[in-house]
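Here is the structure we will look at, set down as structure tokens.
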Amino acid sequence: MTTYKELFGKYVQNVASDPTSTDAEGQIWYNATTGAFRTALGSYGVWASGGSLNTARTELASSSAGTQTASLAFGGDVPPTTGATESYNGTSWTSSPNSLNSARARLEGAGTQTAALAFGAFPISTATELWNGTSWTSNPTGLNTSRGDFAGCGIQTAALAFGGLVNPPISAATESWNGTSWTSVNSLNTARYGLGGLGTQTAALAFGGNPGPAVTAATELWNGTSWTNNPTGLNTARQNFTGAGTQTAGLAFGGQLNPPTGLTNTELWNGSTWTSSPNVLGTGRRHIAGSGSQTSALGFGGNTGTANTAATEEWDQGVIVPVAGSWSSGGNLNTARYGAGGSGTQTAGLLFGGETSPAPLTATELYNGTSWTNNPTGLNTARRYLSGSGTQTASLAFGGDPVGDGSKTAATESWGGSSWTSVNSMNTARWSLGSAGTQTASLAFGGDARPAAPQSNASESWNGTSWTSTPSLNTARSGIAGLGTQTAAIAAGGNNPDKSATESWNGSAWTSITNPLSLTDLAGSGGTQTAGVIFGGYDVPGNIVATTFIWNGTTWSTNPNSMTTARTQQGVREGTQALSLAAGGFSTGASSATEEFTGPSTTLNYKTLTTS
């Protein structure tokens, strides 16, 4: 029998731990510590958040032959129907000044970002338009079969359209496009609408959809002349979803069953069978659009079942596996409390003030990564719902409610590592405000300044000596989470009807950022303008959650793992995304619990080899 050495010229390596370099992909080694033969596979796929569309919409189309880093989105229903066109560069979407000539939804698309094709619509249409990278031109002739809610694939000069609704019958009609006109060719074996499609004009794949009265999993292959039924279909029968890739390596994602709640399901096609991926879309949706390949795809827009979304997700397949952030228990506070201020890091934290009914506290505690120690002296002004910034040895405390009845203070105190010193007050007295920065360069924003402004948009900057008013937030709110520094900050969530509100500060002005994800108010936070985390708080009035949200510098996403204890108004908010800390807070009462957050990371897609 031929040996491994004779085939490859090397013995299997004996190592004490698994290699961490991506060069390990496809290699085999013996892990002497675990006593197992191991490898790293390059077939792991995962969705990650991308930049959101500028116009949230459903029933839109895409340049299906585009890529993850160069795609086009057009048409759809906002409502009303739109012709809006946007291009994606791998990071963000840019709106084109030139829309489709015919605003429409449930259309199909083909081609690339610079040479695309739009055709059909519902209510049914034959309209066909060509995109040259700058503007759309209506083609003199359209589809032979007027239809909508169908599938398509290919490029601008060689495309395919199949299935759909033909007011009212369900169609199996297939048409081929040569760059100038459509020609009717052999029909699908199963007439259906809301189906998925991918591939090219001569090698396409049709899957799922609704032939009436229920969804189907049926899959058919097109060879340029006729359709052939595949022996097996999708693992999850569904409609109103999309696909990416080729006839031999495809991807299907999203969709709906009945009732019409958006699905997260993702399946991979190997040329003969579908395999369900354990890693699904972060935002379940129907009528989603997509482009790319099986190993590098893009999904965007659609409807969650309750609302249209602008969310964009990127699918990547490789040897690297993401590891979700996780929480673990830390040492309990000596004094249970909520509404405290905090600063520092996960291994050197500072917590001060807060409340244990019926009165605000001055108590200050220090954390060493394992346990909390009471400081002999506390704040000069007892208060709750205050904010803080800085480190365990050099911190700043400001604002808050000194009475416990909704009163407000502008008092500011500086911490030198062992005691607090009163310094110049803020210009706007308030409580439940956001913060960012250090002891000598801090930023305060938002808060509750009642009766003048229950939801304040005031923003101030601290230079180590005094506060100076700066341009205000665009969205007034209290219970706001803050990340970053005095010159590069993020304000997120808060007690405002729109809890998705997110703004970026560049040192001179606040800029609103489009965010489709609803966040929380009175949450804990940590991190920077480009990598942050917020956790806990209220998602709706009276409902305390343990949800954790991750900020990547562009968009928010929900971390799969939540805090162990759902709570709000916790302290110590100045950790990092990688290592953050939640201490105290309000759950069913004042809490002393501490939890430590280890942020998202990656590892290789390791597998243990066995015999059978």
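Values for this structure:
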read-out	value
Filter result (on the phi > 0 side of the Ramachandran plot and among the charged types (D, E, K, R)) within segment 105-128	Arg106
The one condition in (1) farther than 30 Å from Ala359 by Cβ; (2) in contact with a strand residue (DSSP E or B) (Cβ under 6 Å, 6 or more places away or on another chain) that Ile544 fails to fulfil	(1)
Top-ranked residue of segment 432-446 - restricted to ones that are within 30 Å of the chain's Cα centre (by Cα) and not polar (S, T, N, Q), ranked as nearest to Ser456 (Cα to Cα)	Gly446
Output for segment 475-501, where each listed residue is crowded, with 24+ Cβ neighbours inside 10 Å and of a type in the set (Lys, Arg)	Arg477
Filtered residues of segment 532-578 (kept if touching a residue at least 60 places away in the same chain (Cβ under 8 Å) and of a type in the set (A, V, I, L, M))	Val533, Ile550, Met563, Val572
Entirely in segment 302-365, the strands (runs of 3 or more DSSP E) that have 2 or more residues that are under 28 Å from the mean Cα position of the chain (by Cα)	312-318, 320-323, 326-329, 341-344
Filtered residue count, segment 490-499, keeping only those that are touching a residue at least 12 places away in the same chain (Cβ under 8 Å) and either of a type in the set (A, V, I, L, M) or out of contact with any Gly (no Cβ under 8 Å at 6 or more places or on another chain) (or both)	5
Checklist (1) part of a loop (DSSP other than H, G, I, E, B); (2) not assigned by TED's automatic domain parsing to the domain that holds Ser49 applied to Pro231, failing item	(2)
Selection status of Ser472, of a type in the set (S, T, N, Q), within 22 Å of Leu396 (Cα to Cα), crowded, with 23+ Cβ neighbours inside 10 Å and out of contact with any helix residue (DSSP H, G or I) (no Cβ under 9 Å at 6 or more places or on another chain)	no
Top-ranked residue of segment 176-197 - restricted to ones that are surrounded by 23 or more Cβ atoms within 10 Å (Cβ to Cβ) and part of a strand (DSSP E or B), ranked as farthest from the chain's Cα centre (by Cα)	Trp177
Verdict on Ser99 being surrounded by fewer than 18 Cβ atoms within 10 Å (Cβ to Cβ), at negative phi and at pLDDT 95 or above	yes
Residues being hydroxyl-bearing (Ser, Thr, Tyr) and assigned to a strand (DSSP E or B) - total across segment 27-64	6
Test: residue in segment 199-212 that is over 21 Å from Ser63 (Cα atoms), in contact with a strand residue (DSSP E or B) (Cβ under 7 Å, 6 or more places away or on another chain) and buried (at least 24 other Cβ atoms within 10 Å of the Cβ)	no
Extreme residue, nearest to Ala206 (Cα to Cα), among residues of segment 49-84 that are buried (at least 24 other Cβ atoms within 10 Å of the Cβ) and of a type in the set (Ser, Thr, Tyr)	Ser64
Test: residue in segment 316-337 that is surrounded by 19 or more Cβ atoms within 10 Å (Cβ to Cβ) and farther than 30 Å from Leu396 by Cα	yes
Filtered residues of segment 362-374 (kept if touching a Phe, Trp or Tyr at 6+ places or on another chain (Cβ under 9 Å) and surrounded by fewer than 20 Cβ atoms within 10 Å (Cβ to Cβ))	Thr362, Leu366, Thr373
Residue pairs meeting the criteria (Cβ under 7 Å; at least 6 apart or on separate chains; first modelled with pLDDT under 95, in segment 203-225; second surrounded by fewer than 22 Cβ atoms within 10 Å (Cβ to Cβ) and among the aromatic types (Phe, Trp, Tyr))	none
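The values are calculated or read from the model by the stated rules, or taken from the named source; none is laboratory data. Just so it is clear, the model here is predicted, and its values are computed rather than measured. Counting neighbours? That spans all protein chains shown, and the Cβs are built from the backbone with ideal geometry, glycine included.
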